[in-house]
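Reviewing the structure listed below.
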Amino acid sequence: MKFLHRSLSLLFIVVCSLSWVTASANSHDDFLECLYSYHPNESSSITQVIYTETNSSYLALLNSSIRNQRFSTPNTPKPLVIVTPLNISHVQATIYCAKKHGLEIRTRSGGHDFEGLSFVSPVPFVVIDLVNLRSVDVDVENEEAWVQSGATVGEVYYRINEGSTNLSFPAAVFRTVGIGGSISGGGDGSLFRKYGLSADNVIDAQLVDANGRVLDRRSMGEDLFWAIRGGGGGSFGIVISWKIKLVHVPSTVTIFSVGRTLEQNATQLLHRWQYVAPNLPNDVYPVVTISTTNASENGTKTVLATFVSLFQGGANEFIPLMQERFPELGLVKEDFIEMTWVESLLFMNGLSNETSEILLDRSNRYTILPPFVKSKSDYVREPMPEIALQGLLLHLLEVDEGGTAVQNFYAYGGIMDEISETETPFPHRNGTLYKISYVIAWQEEENNNSQRYISWMSKLYSYMGPFVSKSPREAYVNYRDLDIGSNNYYGKTSYKQASNWGRKYFKNNFDRLVYVKTKTDPKNFFKHEQSIPPRLHYST
């Protein structure tokens, strides 16, 4: 029976593969012909934004914003066509023609996609790359801005800072993250403990739905407007632009960054940090980055915990605060550096020696991690025992020399405790002490051995189970992780199956997201392995 099951599975894969090839051959030309005929008077305009595999720029464009090279191998399925729309009509045409000829659409902006869902599909597909839709129009007087989804976080920060050095937006730290994808999943960052998430500060949006209609907040209705602000990308339509509320930042901010090894009581300090960081004033953004390093005494490998905090104010206020709240860290005046807000953005990106123009650089050339990556996430609601933290840190020492492992602890608290879990689909609010991201990365020459790194990550994740949030074990949708569950891609997805991953990302908000999906995209045109399925695609 087991042999028969395996044979049938292999036959299914072969049939699907043959279907993919046949559909590709049949759909490719028909889709292109449809695009040209959709804009008969603008054939030159639409031609400028279409890239097929015969185009010399196709591969460079496809790879231009792929941050995780696990999804850029010769065996990775490639899109039949990449469309880089210059205007909304190009998006409408692509949706219309993809529907007509049975192609799937994947949409990407920045490309920080941990599982490649914005540019890889198991069925014939088209990528809409929003790289040309990245304008940032800042209204300083009204403290608002219209931001197109293709802009990176760095571009948004730069353009706002051009208009006013005392305004900004609560968004992700890393400059090459796409603003559209970040908002779609919530978007936490260095201002979120004071002002909430990116999604909490959106006041309007412009979306193209599965029928090609262009909707704003009023015409889409409050349910859909709620869903797109944290419900994850790729489920409800293509958001072209967001109207965001700008927030105030001071002329001077202060940062410290100090490292402590295992031999310098890193475990005990991290244990204490759990109690201190979530209860610091809202103006403080506390982070700990944990990695391995060589001990200076004998050159053996040890664990380094780097404690970093950004304070919206001057050192004279920050120094006594930290010395009172966290004396165990042993901070001295020389550890604190005052700078401007935009300089702090460079500092947090490891670009202190660069000018602010580097925020406009969309490339990934300054990353310090190897290019092949597997990531996971957790939320912690009760402080971990010191012995459990010791075990977590020691896991890092088990990584083979070819891999680089990093753990990041991001303190929550602040205003996040005051915002209801149902305000947006992002539910990780009151009672969350901190979020953990786990990353294992390796070089290309090690990719043949990738399974050993992924297995290491699975072992670490299993170890952490008793110490993190439960029922459900929560995860951050912007750190996509197919290990926690995925849709049945070639058939109907049961409600129970979708709930496996859905409740981890959205808790009880998952049911409302399903309701919105059923109402706005009942035929499930916008979909991927972890998209919200409509009710009529369920079996109970």
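For residue 459, the criteria (1) in contact (Cβ under 8 Å) with a residue 60 or more places away in the chain; (2) surrounded by 13 or more Cβ atoms within 10 Å (Cβ to Cβ) hold in every case but one, which is (2). Among the residues of region 478-485, is any out of contact with any helix residue (DSSP H, G or I) (no Cβ under 9 Å at 6 or more places or on another chain) and outside any helix (DSSP H, G or I)? No, the conditions are met nowhere in region 478-485.
When only residues in region 477-492 that are out of contact with any Ser or Thr (no Cβ under 9 Å at 6 or more places or on another chain) and over 19 Å from residue 119 (Cα atoms) count, which is least open to solvent (accessible area, probe 1.4 Å)? Here the residue is 484. From 136, 127, grab the single residue that is open to solvent by 20 Å² or more (accessible area, probe 1.4 Å), at pLDDT 95 or above, β-branched (Val, Ile, Thr) and under 26 Å from residue 67 (Cα atoms). Checking each option against the conditions leaves just 136.
Return a yes/no flag: does region 295-308 have any residue that is closer than 20 Å to residue 174 by Cβ and of a type in the set (Phe, Trp, Tyr). Checking region 295-308: at least one residue is closer than 20 Å to residue 174 by Cβ and of a type in the set (Phe, Trp, Tyr).
The residues of region 288-330 that are part of a loop (DSSP other than H, G, I, E, B) and of a type outside the set (Ser, Thr, Tyr), listed by number, are 295, 297, 298, 299, 312, 313, 314, 326, 330.
Of all residue pairs spaced 6 or more apart or on separate chains, those with beta-carbon atoms under 8 Å, a first member in region 99-118 that is closer than 12 Å to residue 235 by Cα and a second member that is part of a helix (DSSP H, G or I) and among the hydroxyl-bearing types (Ser, Thr, Tyr) are 105/94.
One line per residue, one yes/no per condition, for (1) in the same structural domain as residue 410 (by the TED database); (2) among the acidic types (Asp, Glu); (3) touching a Leu at 6+ places or on another chain (Cβ under 7 Å):
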| site | (1), (2), (3) |
| --- | --- |
| 438 | yes, no, yes |
| 441 | yes, no, yes |
| 446 | yes, yes, no |
| 453 | yes, no, no |
| 475 | no, no, no |
| 480 | no, no, yes |
| 483 | no, yes, no |
| 496 | no, no, no |
| 506 | no, no, yes |
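Being within 22 Å of residue 390 (Cα to Cα) and outside the structural domain of residue 203 (by the TED database) is true of residue 262.
One residue is enough: does region 359-373 have a residue meeting the conditions buried (at least 17 other Cβ atoms within 10 Å of the Cβ) and assigned to a helix (DSSP H, G or I)? There is at least one residue in region 359-373 that is buried (at least 17 other Cβ atoms within 10 Å of the Cβ) and assigned to a helix (DSSP H, G or I). Just to be sure, is residue 224 in contact with a Ser or Thr (Cβ under 6 Å, 6 or more places away or on another chain) and not assigned by the TED database to the domain that holds residue 149? Taking the combined requirement at face value, the residue does not satisfy it. The test for being part of a strand (DSSP E or B) and in contact (Cβ under 8 Å) with a residue 60 or more places away in the chain does not hold for residue 226. From the list 231, 212, 221, the lone residue that is open to solvent by less than 10 Å² (accessible area, probe 1.4 Å), over 21 Å from residue 287 (Cβ atoms) and not basic (Lys, Arg) is 231.
The values are calculated or read from the model by the stated rules, or taken from the named source; none is laboratory data. Remember, it's a predicted structure, so these values are computed and weren't measured experimentally. Note that each Cβ is placed from the backbone with ideal geometry, even for glycine, and that neighbours are counted across all protein chains shown. Ligands, DNA and RNA are stripped out before the accessible areas are found, and what is left, the full protein with its side chains, is counted by its heavy atoms. Shrake-Rupley method; radii C 1.70, N 1.55, O 1.52, S 1.80 Å.
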